[in-house]
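What follows is one structure encoded as structure tokens, with my remarks underneath.
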Amino acid sequence: MTEQQLPEWADPSVSPASLDAQGVSRRGLLRRAGLFGAAFALGPAAVPAFAASDRGLGGHDPRLAYLVGDHHVHSVYSHDAKYTFSQQARAAARYGLDWMVFNEHSNFGHAHYGAALEHEEILKARAENPRQLIFQGLEWYIPAAEHCTVFAAPGPHEVDLLTRFELAYDGKLLGYTEGSAGAADTARNEAHAVKAIKWLAEQRRSGYVDDVLVLANHPLRLGIDSPHEMRDWRDAAPEIMIGMEGAPGAQGAAIPGWRGATSIRGEYENKPSAQSWPGYPADAYLTYGGFDWATATVGGLWDALLAEGRLFTITTNSDNHRTVFDTWKNGDWPAGQNFDNTGKLPDPVNTGTAQPGSDFWPGEFSRTHVGVTRYGYRAVMEGLRAGRVWLDHGHLLDGLDVRVKRDCDGGRGVTLGGRLRVRTGERITLYVTVTTASRTNSQGVLPQLAHVDVIRGAVRGPVTDRDTWQAPDTKVVHTDDVSGRKGTYTLRVPLTVGDESFYVRLRGSDGNRHGAGYLGASIDPHGPVPHQPGNGDPWADTWFYSNPVFVDVVR
């Protein structure tokens, strides 16, 4: 594991002047905890998502540092990837990731051989480089649907949990997914997916593993994750099935002149198939500013889930298999060996010539920021579950802090994922503290944030039609033009409290590509738009999104 490198922020010998704002924040967290020079804690987060005292007015307002990560990274232990474990870990450190999940595709070779082999590498890496939090995960082929990330907290049973789950519940291995012989038995397959999530929840409840989480990957790439399935997964165990990728990996897929004239960011180049849910429009199979249609559409599927009053976290990631412009190719198999009987691809070989690929290295372009109160594996998982999450592309921001507070007390507010309890007619304010990018990204560009949008939606409770994908009362309600602003500044947005509970979430971009949102300009006047096929330079169309804050109105 000598190839791995510590993130700069975690190396005390690196001057604070060379760090971005997030690096300074994270270093401060470690100093306060006395963790420099020591292994990091594996214990639970210091602050629960919702404290008992939150039942009164106001809410829980923890002090946070944001750790940057990627829950969807592949290596030679996936049958369709290319890089060694160490190459990926090294790249993640180079681009400043604090945590990452090796999320290998399910496969009989992986279950029987690869998972255990990779676990040995992960254990060694954790011992040699404790400042990089490395989770082991699985890319689950959901029965009747597409893919999910499944990952567990470190512990004696983490790899056993994954392989038991893979063999008992993976749709590809069972023949329960698109293109398989048993795909037509939709009712059985959907029920098996729900059973799988409940099984994971039981392993957590019983203490077999300390924690486990599930996130749906690239949900609208194939359109086979229907709205009712996503609700069913969430409702089966909301503490386990916590959300979805708001933006997929493969963000380099449509760099002009690279893959072809029909290429779309995220490799969203698919037409509806026989297994696709028929209620999705044709435009759902595209990305908008690099984000999945379910997330990018104001008043769309993500908002429809949030409008029920329940958190559903969004993330972004690299889904790294093959990096754009990289010169490595897969190695050759020795005679008699294959993935099924080894669980591991041969190590790659450097050709010196650019090879096909759609992805960026972990942390190079897509970043998921998770608010934690201490440094550790379970702290990251608890931050994800609590929804203390924002995401950006192209390193658009150095920092984002969001609080909603009652004007009458000013101190008891809530942050992302939280719930603020207020009375009808109270005055409350949304505080958005932005720290602009201080360093050029890997493209050599210093990103410039152009605007911050506030999106608000009414909370109406559970829906009768579980295939509903619209939230008609959600819209952009406020926009701040922040072009040219530098450093750290705070936007203050008064929020009106009526008789109805609601949520607010944030979005912003570099301002390069805008248009009327999918549901119309009256709902979203300047939202993300699809690029022309084959002409989707990701660095020229970068966005940030945040999770919501809920405001519960009591009478």
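The values are calculated or read from the model by the stated rules, or taken from the named source; none is laboratory data. Computed from a prediction, not measured in an experiment: that's the story for all the values here. When we count neighbours, we look across all protein chains shown, and the Cβ atoms used for this are built from the backbone with ideal geometry, even at glycine. Remember, those area values only see protein heavy atoms, side chains included, never the ligands or the DNA or RNA. Shrake-Rupley method; radii C 1.70, N 1.55, O 1.52, S 1.80 Å.
Which is farthest toward the positive dipole end of the chain among A187, L397, T262, measuring Cα position about the Cα centre, with Cβ charges +1 (Lys, Arg) and -1 (Asp, Glu)? Among A187, L397, T262, the one farthest towards the positive end of the dipole of the chain is L397.
Volume of the convex hull of segment 90-240 (Cα atoms only), normalised per residue: 118 Å³. Each Cα pair of segment 291-394 feeds into the Kirkwood radius, which the Stokes-Einstein equation turns, at 4 °C and 1.567 mPa s, into a diffusion coefficient of 75 µm²/s. Here the calculated FRET efficiency for S522 and N350, from their Cβ-Cβ distance with R0 = 60 Å, stands at 0.65, rounded to the nearest 0.05. An ellipsoid equivalent to segment 72-128, defined through the eigenvalues of its Cα gyration tensor, has semi-axes of 20, 13, 9 Å when rounded to whole angstrom and sorted largest first. For segment 103-175, a Kirkwood radius taken over Cα pairs fed into Stokes-Einstein (20 °C, viscosity 1.002 mPa s) yields D = 171 µm²/s.
In whole angstrom, segment 138-224 maps to an equivalent ellipsoid with semi-axes of 24, 13, 11, each derived as √(5λ) from the alpha carbon gyration tensor and ordered largest first.
For the pair T186 and A261, the difference between a 0.36 nm per residue extended length and the Cα-Cα distance amounts to 23.5 nm.
Based on Cα contacts under 8 Å between residues 6+ apart, the chain shows a relative contact order of 18 percent. Sorted on the mean count of surrounding Cβ atoms within 10 Å across their residues, most packed first, peptides 487-495, 528-536 read 528-536, 487-495.
Of interest is the spacing of the C-alpha centroids, which for segment 152-168 and segment 228-252 amounts to 20 Å.
Put a plus charge on the Cβ of each Lys and Arg, a minus charge on the Cβ of each Asp and Glu, and nothing anywhere else: the dipole of segment 72-230 about its Cα centre is then about 240 debye. Taking a point 7 Å out from the Cα of V529 in the direction of its Cβ, the residues of segment 255-280 whose backbone N falls within less than 17 Å of it are 265. Charged neighbours of G300, selected by a Cβ distance under 11 Å, balance to -4 (K, R count +1; D, E count -1).
Each principal axis of the Cα cloud of the chain was taken in turn, and the coordinate range along them, longest first, works out to 74, 58, 52 Å. Dividing the summed -39500 (n - 2.57) terms of all DSSP H runs of n ≥ 4 by the residue count of the chain sets its mean residue ellipticity at 222 nm at -5500 deg cm²/dmol. To the nearest 0.05, what FRET efficiency results for R423 and T490 with a Förster distance of 25 Å applied to their C-beta separation? My answer for the efficiency is 0.50.
Summing Cβ point charges (Lys, Arg +1; Asp, Glu -1) relative to the Cα centre of the chain gives a dipole of roughly 1700 debye. For segment 56-190, the relative contact order is 20 percent, taking Cα pairs closer than 8 Å that sit 6 or more residues apart in sequence and dividing their mean separation by the residue count. For the residues I240, I523, a 1.4 Å probe over the protein chains yields an accessible-area ranking, largest first, of I523, I240. When only alpha carbons of segment 375-488 are considered, Rg and Dmax amount to 17.3, 50 Å. Over all orientations, segment 222-373 has a Cα convex hull whose mean projected area works out to 13.0 square nanometres.
The order of the peptides 356-367, 85-96, 193-204 by mean Cβ neighbours within 10 Å, most packed first, is 356-367, 85-96, 193-204. Calculated on the Cα set of segment 247-295, radius of gyration then Dmax: 11.3, 34 Å. The share of accessible area on the chain that comes from carbon and sulfur is 51 percent, using a 1.4 angstrom probe. The chymotrypsin sites (Phe, Trp or Tyr not before Pro) of segment 306-342 meeting both criteria, a DSSP state outside H, G, I, E and B (loop) and at most 16 other C-beta atoms within 10 angstrom of the site's C-beta, are F325.
Residues of segment 343-384 with the amide nitrogen closer than 20 Å to a label point 7 Å from the Cα of E120, along Cα-to-Cβ, please. Counting backbone N atoms under 20 Å from the label point, the list is 343-348. Can you give the FRET efficiency to the nearest 0.05 for A168 and C408, using r as the Cβ-Cβ distance and R₀ = 51 Å? Efficiency at R0 = 51 Å is approximately 0.45.
Across all Cα atoms of segment 439-555, the radius of gyration (one decimal) and Dmax (whole number) stand at 16.8, 54 Å.
The charge dipole of segment 220-327, taken about its Cα centre with unit charges on the Cβ atoms of Lys, Arg (+1), Asp and Glu (-1) only, comes to about 280 debye.
Per residue, the average separation of C-alpha pairs within less than 8 Å and at least 6 apart gives segment 431-555 a relative contact order of 30 percent. Taking every protein chain into account, the accessible area of segment 465-528 amounts to 48 square angstrom per residue (probe 1.4 Å).
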